Amino acid sequence: MRSSVSIEGIRAILLDIEGTTTPIAFVHEVLFSYARSHLHDYLSRHFEDEGVRADVQALRADGGEFSDEIESVVAHVQQLIDADRKSTGLKSLQGKIWLQGYTDGTLRAQVYPDVAPALARWRAAGLNVSIFSSGSVLAQQLLFAHTEAGDLTPLINNYFDTTVGKKGEVESYRRIAETLKLQPGEILFVSDVVNELVAAREAGMKILLSLRPGNPPQTDAEQYQTIHTFDKL
């Protein structure tokens, strides 16, 4: 498929993070590793915080079976991290832990070199730029505020996480369109995951499959219009 696309008629660009704006290796090898290694210490210091208790309750509501002992919660969360679960409670807790790392300078987010120029170009053209990730809104904001290219949050209008629904569900994209007050056909969604693109397309959005170095192969990828860099978008 050709690697460029016209944005005529597009009023908003909706971006996935992993494999689209940010290398998958950074998320799995750096962010997940940081959350895993700092989990016990963070919970020991913040276990009674209202936000953390809400995350623990969300984990339990999502089917988690564990006691109220910190060690039990840690063991359950570690299992979810290892399995790359998209649990809202897990993602919210991870965001809180990453806040610590970004604040003290331990973490610096990676984005592909073409991302910052593209965000600036799209905003200058009057386009809405939004993010849809399974990571919490806090985690998304932290990532784009602390990139190696600088603070990119002034270039991003909206952030969506799994509180609007799962990324493979059609209704999630309809809710996003309603929130943006746009018709789905006025939104271009870019992701490296085919089943997310299928859901967005069924909701009426335009779609592009992101093919970045290190992305896992996708079933039937040849059936989708693809993009390797934002330079041509």
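Neighbouring Cβ atoms within 10 Å as the yardstick, rank 182, 15 fewest first.
Details: 182 16, 15 24.
Lowest to highest Cβ neighbour count: 182, 15.
Check which residues have an amide H placed less than 5 Å from residue 19's amide H, if you skip close sequence neighbours.
Residues meeting the criterion, in which the H sits 1.01 Å from N, are 24.
Picking from 61, 149, 25, which is most flexible by a Gaussian network model of the chain using Cα springs under 10 Å?
61
Which FRET efficiency, nearest 0.05, do residue 82 and residue 231 yield, Cβ-Cβ r, R0 45 Å?
Values: r = 36 Å, r/R0 = 0.79.
Efficiency, rounded to the nearest 0.05: 0.80.
Is there a quick way to get the dipole size of the chain? I mean about its Cα centre, with the Cβ of Lys and Arg at +1 and of Asp and Glu at -1; what is the value in debye to the nearest 20? Before the final figure, lay out the partial values.
Details: 22 positive and 31 negative charges, 168 e Å.
Using only the charged Cβ atoms, the result is roughly 800 debye.
Could you work out [θ]222 nm for the chain from helices alone, using -39500 (n - 2.57) per DSSP H run of at least four and dividing by all its residues? Round to the nearest 500 deg cm²/dmol.
About -13000 deg cm²/dmol.
Please identify every one of the GluC sites (Glu not before Pro) in the stretch 94-181 that sits in a loop by DSSP and has no more than 16 other beta carbons within 10 Å of its own beta carbon. Each step should come with its number before you reach the end.
Working: sites: 148, 169, 171, 178; in loops: 148, 169.
Hits after loop and neighbour filter: 148.
Counting other beta carbons within 10 Å of each residue's own, what order do 41, 55 fall into, fewest first?
On the way: 41 12, 55 25.
By the 10 Å Cβ count, ascending, the order reads 41, 55.
For Cα pairs less than 8 Å apart in space and 6+ apart in sequence, what is the mean separation divided by the residue count of the chain, i.e. the relative contact order in percent? Don't skip to the end; give the middle numbers.
Details: 367 pairs, mean separation 66.7, N = 233.
For the chain, the relative contact order is 29 percent.
Quick one: plug the Kirkwood hydrodynamic radius of the stretch 28-184 (C-alpha pairs) into Stokes-Einstein at 25 °C, 0.890 mPa s, and report D in µm²/s.
146 µm²/s
Using the Karplus equation 6.51 cos²θ - 1.76 cosθ + 1.60 (θ = phi - 60°), what ³J(HN,Hα) coupling, rounded to whole Hz, does each residue of the stretch 94-103 give in order, writing x for Gly and Pro?
Per residue, the Karplus-derived 3J(HN,Hα) values read 4, x, 5, 5, 5, 3, 4, x, 5, 5 Hz.
If I model the stretch 1-111 as equal point scatterers sitting on the Cα atoms and use the Debye formula, what is log10 I(q)/I(0) at q = 0.11, 0.18 Å⁻¹?
Each listed q corresponds, in turn, to -0.44, -0.91.
For residue 44 and residue 219, compute 0.36 nm times the residue count separating them, minus their Cα-Cα distance, and round to one decimal in nm.
Working: separation 175, 0.36 × 175 = 63.00 nm, distance 4.27 nm.
Value of the extension gain: 58.7 nm.
Karplus couplings for the stretch 145-160 from phi (6.51 cos²θ - 1.76 cosθ + 1.60, θ = phi - 60°), rounded to Hz, Gly and Pro as x?
Values per residue, Gly and Pro as x: 7, 10, 8, 5, 9, x, 7, 9, 4, x, 9, 10, 7, 9, 10, 10 Hz.
With only alpha-carbon pairs counted, each pair once and no self-pairs, how large is the Kirkwood hydrodynamic radius of the stretch 14-63 in angstroms?
With all distinct Cα pairs of the stretch 14-63 included, I get 12.9 Å.
Excluding residue 155 itself, calculate the net charge of residues whose Cβ lies under 13 Å from the Cβ of residue 155, where each Lys or Arg counts +1 and each Asp or Glu counts -1. All intermediate terms of the calculation are to be shown ahead of the outcome.
Details: positive: 121, 123; negative: 151.
My count for the surroundings of residue 155 gives +1.
Name the aspartates and glutamates eligible as straight-distance cross-link partners of residue 206: C-alpha to C-alpha under 17 Å, and not fewer than 8 places from it in the same chain.
8, 16, 169, 171, 178, 186, 192, 196, 222
Grab the Cα-Cα distance for residue 121 and residue 75, subtract it from 0.36 nm times how many residues apart they are, and report the gain in nm with one decimal. Before the final figure, lay out each step's value.
On the way: separation 46, 0.36 × 46 = 16.56 nm, distance 4.44 nm.
Taking 0.36 nm per residue and subtracting the Cα distance, the gain is 12.1 nm.
How many angstrom separate the Cα center of the stretch 64-139 from the Cα center of the stretch 181-199?
20 Å
Taking springs between alpha-carbon atoms closer than 10 angstrom, which of 64, 126, 89 fluctuates most in the Gaussian network model of the chain?
In the Gaussian network model the winner is 126.
Fully extended, how many nm does the chain gain between residue 148 and residue 8 (0.36 nm per residue separation, minus their Cα-Cα distance)?
47.3 nm
If you place +1 on the Cβ of every Lys and Arg, -1 on the Cβ of every Asp and Glu, and leave all else neutral, what size is the dipole of the stretch 27-103 about its Cα centre, to the nearest 20 Debye? Mind showing how you got there, number by number?
Working: 8 positive and 13 negative charges, 55 e Å.
That gives a dipole near 260 debye.
Using a Gaussian network model of the chain with C-alpha springs under 10 Å, which one of 94, 141, 223 is most mobile by mean-square fluctuation?
223
Quick one: of the DSSP bridges fully inside the chain, what percent are antiparallel, nearest 5? Don't jump to the answer; show the numbers that get you there.
Numbers: 1 of 20 bridges.
Antiparallel bridges: around 5 percent, rounded to the nearest 5.
Read-outs throughout are calculated quantities, based only on the coordinates presented, and are distinct from any laboratory measurement. Just so you know, these numbers come straight off a predicted model, no measurement behind them. Positions of Cβ are generated from backbone atoms using ideal geometry, with glycine treated the same way; all protein chains shown enter the neighbour counts.
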